[in-house]
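Presented below is the structure to which this report refers.
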Amino acid sequence: MSDRVCALPVVKSKLRLYCLRLSDSILILGNGGVKKTRTYDEDGELRGFVVTLQNFDKLIKDGVKDGTITISENEIDTDKTFDI
C-alpha cells in the first residue's frame, strides 16, 4: 500500500509511535506501543494502529482528489468529519 504512514524514532527504546506525514509542517499523530516483533505486521496491535492510519490517509487522499480537502504546506482545510 502506498501511504504516508511512518514511525517516529525513539532513541534507546522499543516504543514505536506511528503518524501520517503530510508535509514538512503537518504531522498527524496516531497511536503506538512497544515493538516486540521485527515488523509491525507481526504484531496485531501495532498492525491495527498502522492500518487505521492507512485508512485515514486514503480518506485524505480521496478528499484532496475530489476537492473537499485542501492541503497546503502548513494547513489542512476541510468541512469534512471522519469516522475511522
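The values are calculated or read from the model by the stated rules, or taken from the named source; none is laboratory data. Just so it is clear, the structure is predicted and the values come from calculations on it, not from any experiment. Cβ: placed from backbone, ideal geometry, glycine included. Neighbour counts: every protein chain shown.
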Could you check, for the stretch 35-48, whether at least one of its residues is over 16 Å from the mean Cα position of the chain (by Cα), among the hydroxyl-bearing types (Ser, Thr, Tyr) and under 30 Å from residue 12 (Cβ atoms)? yes
Every listed condition ((1) loosely packed, with under 10 Cβ neighbours inside 10 Å; (2) within 12 Å of the chain's Cα centre (by Cα)) holds for residue 67 save (2)
Can you tell me which residues in the stretch 40-56 are free of Cβ contacts under 8 Å to residues at least 12 places away in the same chain and surrounded by fewer than 18 Cβ atoms within 10 Å (Cβ to Cβ)? 41, 42, 44, 47, 48, 51
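Which members of the stretch 46-84 meet the condition of being among the aliphatic types (A, V, I, L, M) and either touching a Leu at 6+ places or on another chain (Cβ under 9 Å) or closer than 23 Å to residue 25 by Cβ (or both)?
Let us first name the residues in the stretch 46-84 that are among the aliphatic types (A, V, I, L, M), namely 46, 50-51, 53, 59-60, 64, 69, 71, 76, 84.
50, 53, 59, 60, 64, 69, 71, 76, 84, listed by residue number.
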Residue list for the stretch 2-52, filter: assigned to a loop (DSSP other than H, G, I, E, B), of a type outside the set (Lys, Arg) and under 23 Å from residue 70 (Cα atoms): 2, 3, 22, 23, 24, 25, 26
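Give me the residue from the stretch 8-34 that is of a type in the set (Gly, Ala, Ser) and modelled with pLDDT under 90 and, out of that set, farthest from the chain's Cα centre (by Cα).
Filtering the stretch 8-34 for residues of a type in the set (Gly, Ala, Ser) gives 13, 23, 25, 30, 32-33.
Cutting the leftovers down to modelled with pLDDT under 90 gives us 13, 23.
Numbers: 13: 21, 23: 12 Å.
Across the stretch 8-34, the extreme among qualifying residues is 13.
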Residues located in the stretch 23-39, provided they are surrounded by 15 or more Cβ atoms within 10 Å (Cβ to Cβ), under 13 Å from residue 56 (Cβ atoms) and touching a strand residue (DSSP E or B) at 6+ places or on another chain (Cβ under 6 Å): 28, 30
